[in-house]
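Heads up: the structure comes next, in structure tokens.
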Protein chains: 2
Amino acid sequence: MSDSSSLRTLDNFDLAILNILQRDNTTPQRVIGEAVNLSAPAVQRRIRRMEEAGVIQANVAIVDPAQVGQAITIFVEVEVISETAELIDAAKQEFAAVPEVQQCYYVTGEADFVLVVVVPTMTAYEALTRRLFFGNNNVKRFRTFVAMDRVKVGLAVPLPGD
Amino acid sequence: MSDSSSLRTLDNFDLAILNILQRDNTTPQRVIGEAVNLSAPAVQRRIRRMEEAGVIQANVAIVDPAQVGQAITIFVEVEVISETAELIDAAKQEFAAVPEVQQCYYVTGEADFVLVVVVPTMTAYEALTRRLFFGNNNVKRFRTFVAMDRVKVGLAVPLPGD
DNA sequence: CACTGAATGCAAGATTTTTTCGTGCTAGAG
DNA sequence: CTCTAGCACGAAAAAATCTTGCATTCAGTG
């Protein structure tokens with residue numbers, strides 16, 4: 001899947017382009033070119049290369065959950081009982097496969113997983129916990145944090161020049 | 001900026017379009033049209049309406065942090081001392097303004113804020129904690145979870161039809 | 001000093017996005 | 001019941017963007 005052939009180091013042009021695209025990827029290449037002092041085709045080629053190299057992982061529209069009836073965002077810290085490689089991998093796959101699980105990280109510290117869950121109602125969340133946590137006998141404990149305000153949401157990576 | 005005039009309810013066409021766009025917003029309108037049985041201009045108009053209504057909040061490229069030297073993702077639970085409206089708002093603004101803070105949620109439960117932080121090194125994180133937490137005398141306590149694996153990352157909202 | 005590989009800009013060609021225009025449907029008024 | 005206004009649609013044209021081909025430049029190498 002991930003192509004390692006074109007692993008060239010990113011220069012300042014690439015970083016400047018990324019910085020624009022991770023804020024608005026509908027920006028025309030011509031405009032990007034003017035901003036970074038390159039021609040549109042040069043910008044194009046760099047973008048395509050970064051996509052192939054996996055530097056750009058996806059191009060997506062960000063949807064407001066509240067406006068599509070998925071109003072509740074919840075954080076969950078999950079602690080497992082046994083941390084063997086097999087069980088951890090199984091948990092990863094299980095969590096990742098659930099659409100309501102928007103993000104899933106395997107972490108160190110007082111928990112093993114942190115999940116970001118998006119659901120329409122608390123009832124739906126309760127059902128999800130039954131399925132995902134109570135139904136998994138390797139889950140020792142989980143703690144829930146309900147988001148009252150999505151203060152800042154995004155996946156933008158801090159890049160040199162902020 | 002945000003126009004509240006066109007707050008029409010989303011129909012199944014809109015949801016289908018969103019479902020495509022939140023996975024790949026480079027999909028041509030013509031292709032989307034074929035998928036949902038609509039002409040390209042009809043798709044176009046619906047997209048624009050949803051952008052104006054804020055249903056589509058942004059169009060962005062997702063960048064792999066590791067490939068731009070920002071290899072470490074960290075979760076932080078922050079607990080504050082005083083929870084007055086003013087202090088909470090101040091904290092929101094402060095956290096949101098920091099580029100390294102990729103996401104920030106104000107939550108209920110055993111913590112008040114949950115942050116997702118992206119930094120190049122643990123040293124940088126340590127410096128950030130000094131500035132953001134130790135330097136803020138309304139912060140009672142914070143707990144750090146370092147991500148070992150970004151199992152699932154995204155902002156896709158579960159929509160009818162998954 | 002010549003050669004190779006990589007990246008560039010320009011210009012042409014292909015594709016997509018956007019606008020224009022005419023039609024059909026539906027709801028409300030006369 | 002008929003008429004009209006409002007809306008969304010599709011088809012086609014127009015505008016803009018993306019993509020490709022090609023010649024040139026530059027750095028590194030034999």
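Based only on Cα atoms, what mean projected area does the convex hull of region A:121-162 have, in nm²?
Working: hull surface 20.4 nm².
Computing the convex hull of the Cα atoms and averaging its projections yields 5.1 nm².
Explain nothing, just the number: dipole magnitude of region A:12-53 about its Cα centre with +1 on each Lys and Arg Cβ and -1 on each Asp and Glu Cβ, in debye rounded to the nearest 20. Show your work: numbers first, answer last.
Values: 6 positive and 5 negative charges, 19 e Å.
That gives a dipole near 100 debye.
Among B:VAL153, B:VAL78, B:VAL139, which residue has its Cα positioned farthest towards the positive end of the charge dipole of region B:1-154, with +1 placed on the Cβ of Lys and Arg, -1 on the Cβ of Asp and Glu, and the dipole taken about the Cα centre?
Of the listed residues, the answer is B:VAL153.
Would you mind calculating the relative contact order of chain B from Cα pairs under 8 angstrom and at least 6 residues apart, reporting the percent as a whole number? If you can, show how the numbers build up before the last one.
On the way: 168 pairs, mean separation 38.4, N = 162.
Value for chain B: 24 percent.
Grab the alpha carbons of the protein assembly as shown, take their convex hull, and tell me the volume per residue in Å³. Display every interim value, and only then the final one.
Numbers: hull volume 51.8 nm³, N = 324.
Normalising the Cα hull of the protein assembly as shown by residue number yields 160 Å³.
In percent, what relative contact order does region B:65-146 have, based on Cα pairs under 8 Å that are 6 or more apart in sequence? Show your work: numbers first, answer last.
On the way: 120 pairs, mean separation 38.0, N = 82.
Reported relative contact order: 46 percent.
Please report, in debye to the nearest 20, how large the charge dipole of chain B is about its Cα centre when each Lys and Arg carries +1 at its beta carbon and each Asp and Glu carries -1 there. Before the final figure, lay out the partial values.
Numbers: 15 positive and 20 negative charges, 67 e Å.
With only Lys, Arg, Asp and Glu charged at Cβ, the dipole is about 320 debye.
Could you pull the accessible area for A:THR108 with a 1.4 Å probe, rounded to 10 Å²?
50
Just to be sure I follow the definition: excluding the sites themselves, where is the longest run in chain A that has none of the trypsin sites (Lys or Arg not before Pro) in a DSSP loop with at most 16 other Cβ atoms within 10 Å?
Values: sites that count: A:ARG8, A:ARG23.
The segment A:24-162 is the longest one with no such site.
Per the helix-only calculation at 222 nm, which mean residue ellipticity applies to chain B, given -39500 (n - 2.57) for every DSSP H run of n ≥ 4 and division by its residues, nearest 500 deg cm²/dmol?
-9500 deg cm²/dmol
Lys/Arg Cβ at +1, Asp/Glu Cβ at -1, dipole of the protein assembly as shown taken about the Cα centre: which of B:PRO65, B:TYR105, B:GLY54 is farthest positive-ward?
Going by the charge dipole, the pick is B:GLY54.
Any idea how far the Cα center of region B:28-73 sits from the one of region A:1-73, in Å?
13
If you bin the C-alpha pair distances of region B:65-146 every 5 Å from 0, what whole percents do you get?
Histogramming region B:65-146 at 5 Å steps yields 3, 15, 28, 28, 15, 7, 3, 1, 0 percent.
From the C-alpha coordinates alone, can you work out the Kirkwood hydrodynamic radius of region B:1-62, in Å? Each step should come with its number before you reach the end.
Values: mean 1/r = 0.0841 Å⁻¹.
Computed over region B:1-62, the radius equals 11.9 Å.
Using +1 on the beta carbon of Lys and Arg, -1 on that of Asp and Glu, and nothing else charged, what's the dipole of region A:65-146 about the Cα centre, debye to 20? Walk me through the numbers before you get to the answer.
Details: 6 positive and 10 negative charges, 53 e Å.
It works out to roughly 260 debye.
Give the separation of the Cα centroids, region B:104-162 to region A:81-113, in Å.
17
Over every pair of different alpha-carbon atoms in chain A, take the mean of 1/r and invert it; report that Kirkwood radius in Å.
Working: mean 1/r = 0.0537 Å⁻¹.
About 18.6 Å, per the Kirkwood formula over Cα pairs.
Averaging sequence separations of C-alpha pairs under 8 Å and six or more residues apart, then dividing by the length of region B:99-145, give the relative contact order as a whole percent. Working shown, then result.
Details: 29 pairs, mean separation 11.6, N = 47.
Computed value for region B:99-145: 25 percent relative contact order.
Which ³J(HN,Hα) values, rounded to whole Hz and listed in residue order, are derived for region A:145-162 from phi using the Karplus coefficients 6.51, -1.76 and 1.60 in 6.51 cos²θ - 1.76 cosθ + 1.60 with θ = phi - 60°, glycine and proline given as x?
Per residue, the Karplus-derived 3J(HN,Hα) values read 10, 8, 6, 8, 8, 8, 4, 9, 9, x, 10, 5, 9, x, 10, x, x, 10 Hz.
The values are calculated or read from the model by the stated rules, or taken from the named source; none is laboratory data. In this text, all values refer to a predicted model and were calculated from it rather than measured experimentally. Glycine also receives a Cβ, built like all others from the backbone with ideal geometry; neighbour counts cover every protein chain displayed. We work out accessible area using only protein heavy atoms, side chains counted, and drop any ligands, DNA or RNA first. Shrake-Rupley method; radii C 1.70, N 1.55, O 1.52, S 1.80 Å.
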